[in-house]
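Report on the structure given below.
The values are calculated or read from the model by the stated rules, or taken from the named source; none is laboratory data. Keep in mind that what you see is a predicted model, and the values were worked out from it rather than measured. Heads up, the Cβs are rebuilt from the backbone with ideal geometry, glycines too, and the neighbour counts pull from every protein chain shown. These area figures cover heavy atoms from the full protein model, side chains too; ligands, DNA and RNA do not enter into them. Shrake-Rupley method; radii C 1.70, N 1.55, O 1.52, S 1.80 Å.
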Amino acid sequence: MIASAKVLTPENHTQNGEWTIVLPRKGRHRRNSQKMKITKGQQQEQQPWVPTDLEVDRKRQSKLMHKIQICLKRIENSSFFLTFLDQMESPEVLDHFHRVLGSELRLQMVIFGIGSIESHETPRLQLSLAVLMKRKFSWIGDIEVFDPVLSATESQVLESLGCSVLSVNEQGRRQAKKPTLFFMPHCEAELYNNLLQANWGVESLNRVALFGNSFETYEQHVSFKYYDQEVSFMDSSIVESVTHILAARTFTDEVRIKTVSDDYFAAFHDSSWHFFRPACENELLLH
Ligand SMILES: C[S@@+](CC[C@H](N)C(=O)[O-])C[C@H]1O[C@@H](n2cnc3c(N)ncnc32)[C@H](O)[C@@H]1O
């Protein structure tokens, strides 16, 4: 799987204290090799949040709405979406969703880290997929969205699409008190880790379905590093920022998303559904 990868090496340690995991280069997608960032972990607090620009710009709002409508149509008519739905409706994946739902009728959806839907096509495609999922499946409930980069105009567009924009930066630490689908496309590892940490209990983890970067790939990168014995270069806070991701691997069922065509590679590559099935608290002990 991993052809060549420079992972967590000192060269990848940037001056502002961020590490970069460079994903393996694969065949014809070489030009698109992607960077995932792991931010050096400070213990962040949950904080009230408002967009930095307080005013909605009506012109930008209608332009953005138009762009999203185009994106929705484009995805809806794509073979990528057909394949995605087939996968979601396969007995294997549907069983997982049913198990997460339990006796509830709906999975609430929480979208973290969508990015700027006004500035970039990738977040627009990702958002469109989430909106189409909700339109397609009656068992998907309300959508909440948070990303600190969202502007007031973007927030307004999200609200028009039926999403609620959160006013608190939860740092990804949302506890799933009800069955919840977390849609977190291409987020930083620390955000997934925060989510897992906040739900680190048998019942809570069983109520989570997560769409996000492949945990298998994270594990491969880290074990690659151990094998190379370059782990001594790793900052302990970096290891901490993936602790729960790695620990969850033993009870995670992961289903890879098929990007199908180059058009959807940037938005959905290395993404997977993750379902967590710890059977007892002993499985949650961290070593
Ligand atoms: C690597 S970018 C991915 C953006 C987009 N999904 C994409 O694929 O292009 C990670 C995103 O996570 C967002 N983010 C950072 N901290 C966050 C937090 N506490 N809650 C939600 N999103 C956060 C960043 O603002 C950024 O937009």
Practice task
Return yes or no: is L129 of a type outside the set (G, A, S), more than 9 Å from the ligand (Cβ to nearest atom) and surrounded by 15 or more Cβ atoms within 10 Å (Cβ to Cβ)?
Solution key: yes
Problem - Residue list for region 202-214, filter: surrounded by fewer than 23 Cβ atoms within 10 Å (Cβ to Cβ) and over 18 Å from Q108 (Cβ atoms) - result: V202, S214
Problem - region 243-287: number of residues that are small (G, A, S) and over 19 Å from F80 (Cα atoms) - result: 3
Handout entry: Which listed residue is modelled with pLDDT of 95 or more and more than 28 Å from L82 (Cα to Cα), from E170, E216, E121
Key = E170
Handout entry: region 240-261: number of residues that are in a strand (DSSP E or B) and closer than 16 Å to N199 by Cα
Key = 1
Handout entry: Residue list for region 153-179, filter: crowded, with 17+ Cβ neighbours inside 10 Å and more than 10 Å from the ligand (Cβ to nearest atom)
Key = T153, E154, S155, Q156, V157, L158, L161, C163, V165, A176, P179
Problem - Subset of region 180-191 [within 11 Å of the ligand (Cβ to nearest atom) and open to solvent by less than 30 Å² (accessible area, probe 1.4 Å)] - result: F182, F183, M184, P185, C187, A189, E190
